[in-house]
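Only one structure is covered here, and it is reproduced in the block below.
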Protein chains: 2
Amino acid sequence: MRLSPAISELIRALRTLPGVGPKSAQRMAFQILERQREGGLQLSQALADAIARVGHCDVCRTLTEQAVCELCQDEARRGSGLLCIVETPADVLAIEQTGQYQGCYFVLMGHLSPLDGIGPEDIGLDKLAERISTEAISEIILATNPTIEGEATAHYIAELARQHDIATSRIAHGVPVGGELEYVDQATLGHAFSGRKRVQFD
Amino acid sequence: MRLSPAISELIRALRTLPGVGPKSAQRMAFQILERQREGGLQLSQALADAIARVGHCDVCRTLTEQAVCELCQDEARRGSGLLCIVETPADVLAIEQTGQYQGCYFVLMGHLSPLDGIGPEDIGLDKLAERISTEAISEIILATNPTIEGEATAHYIAELARQHDIATSRIAHGVPVGGELEYVDQATLGHAFSGRKRVQFD
């Protein structure tokens, strides 16, 4: 049985969403057409709007509707001298939610991956080099993912920072808070030991 | 940290999709804006198109772009005299995929639910009564869901069919093929016993 073309096309289009397979896409399409036509129209409009209006921040490359994003406009953050390097805008959001960091960001929108043809310019490292040489940055915090590509990218940026004599740090890797040692993988536990901190008595 | 309004609105709109929570919606929004803008525009267009063009079949009430859907236009099916009653268009699709049934359908687009104010007219039973009295139907197959509401709806339609002297059957309930008895619930196993069939020797 063939579904009518507009429904088939909707199911196909829904599958471009991450984590949506054929069954979920079918369920979504029927639910929208049966019960949520208004929500569906709002989604259609929101998609078109966001795609038309959202671009990259001129300063940190994150996704924003403005030329310069809110965080980069913040005087206090710019005066902090801290620059945190992350891979994606979602990472910025995750770090902001901790409330622990009050500096600026630089969003790579990816990581170095020579096999996929992604070189330093593709992740904006030319722009980062320019910022490092023109802005008063006291510390670069490398918060790329703890994957092979993320580590390689962090290493590359650390070299860049060293050429400009800027202190560079990597976020700590170790046992997640609330985790149990028994279920932590070897690499993480190794990092937790090598990165151990001496207990301080006041 | 506030996301830019267009991104927040997109995340909110994505949450109208079934099974999409705040985290998935955020992941979808970022993936579309970072890597799948073309796919996102296609989805926006497909949603608007489908919502504008897809309506209900005049004969069976399923979702279709045409006035009368493909299955209802099929002469062989109309001549079969079989009418299968299902709750949703997805049920039609599921039954068609078995390849076991070659008759017509009637899609209720829901089930009787007096507590939610859903009465016979809301699920098109007036239209069904009209079809029963005007068309040459030899058997009505009740394929509503085996839930309390589905059973009540099936019972109501069976009464309607009896008034017109039309044979009515309910799809079999029992142990799913490939299932293990140990894991089948009591109600299903009860149905499997009460609906047992005598083994036939040729």
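The values are calculated or read from the model by the stated rules, or taken from the named source; none is laboratory data. All values derive from a computational prediction rather than experimental measurement. Using ideal geometry, Cβ is built from the backbone for each residue, glycine included, and neighbour counts are taken over all protein chains shown. Side chains are part of the model used for accessible areas, which takes the heavy atoms of the whole protein and leaves out ligands, DNA and RNA. Shrake-Rupley method; radii C 1.70, N 1.55, O 1.52, S 1.80 Å.
Remarks
- Largest mean-square fluctuation among A:Ser24, A:Ser133, A:Ser169, in a Gaussian network model of chain A whose springs join Cα atoms under 10 Å apart, belongs to A:Ser24.
- Whole-Å semi-axes of the ellipsoid equivalent to chain A (Cα gyration tensor, √5λ, descending): 39, 24, 17
- Spin-label pair A:His155/A:Val177, simplified geometry with 7 Å Cα→Cβ offset, distance in nm: 3.1 nm
- Computed over the alpha carbons of region B:150-202, Rg followed by Dmax gives 14.8, 42 Å.
- Remark: the B:Gln186-B:Gln163 segment gains 4.9 nm on full extension, using 0.36 nm per residue and subtracting the alpha carbon distance.
- Pairs of alpha carbons in region B:56-170 whose separation is greater than 21 Å (percent): 30 percent
- Taking the longest Cα principal axis of chain B as reference, the axis of helix B:37-53 is set at about 40 degrees.
- Shielding value for A:86-93 is 3, the average number of Cβ atoms from other chains within 10 Å of each residue's Cβ.
- Inter-part distance where region B:143-202 and region B:52-82 are each reduced to a Cα centre, Å: 26 Å
- Seen through its C-alpha gyration tensor, with square-root eigenvalues sorted a ≥ b ≥ c, region A:5-53 comes out oblate because a/c lies at 1.5 or above while a/b is not bigger than b/c.
- In nm, spacing of pseudo-spin labels at B:Phe193 and A:Glu135 (7 Å Cα→C-beta vector): 7.3 nm
- Hull shadow area, averaged, the protein assembly as shown [alpha-carbon convex hull, nm²]: 30.6 nm²
- Accessible surface calculations at 1.4 Å, restricted to protein heavy atoms, place the protein assembly as shown at 57 Å² per residue.
- Loss of accessible area when A meets B, both sides summed, Å² nearest 100, probe 1.4 Å: 4900 Å²
- Relative to the longest principal axis of the Cα atoms of chain A, the long axis of helix A:5-14 lies at roughly 10 degrees.
- Within straight-line cross-link reach of A:Lys23, aspartates and glutamates at Cα separation under 17 Å, skipping those fewer than 8 residues along the same chain: A:Glu9, A:Glu34, B:Asp91, B:Glu96
- Taking 0.36 nm per residue of separation and subtracting the current Cα-Cα distance, fully stretching the chain between A:Gln97 and A:Asp116 would add 3.7 nm.
- Segments B:100-107, A:118-125 sorted - mean Cβ within 10 Å per residue, highest first: B:100-107, A:118-125
- Seen against the Cα atoms of chain B and their longest principal axis, helix B:22-35 is set at about 60 degrees.
- Build a GNM of chain B with springs between Cα atoms under 10 Å apart, and of B:Leu93, B:Leu82, B:Leu128 the one that fluctuates most is B:Leu93.
- Average beta carbon contacts from partner chains per residue of A:20-29, 10 Å cutoff: 3
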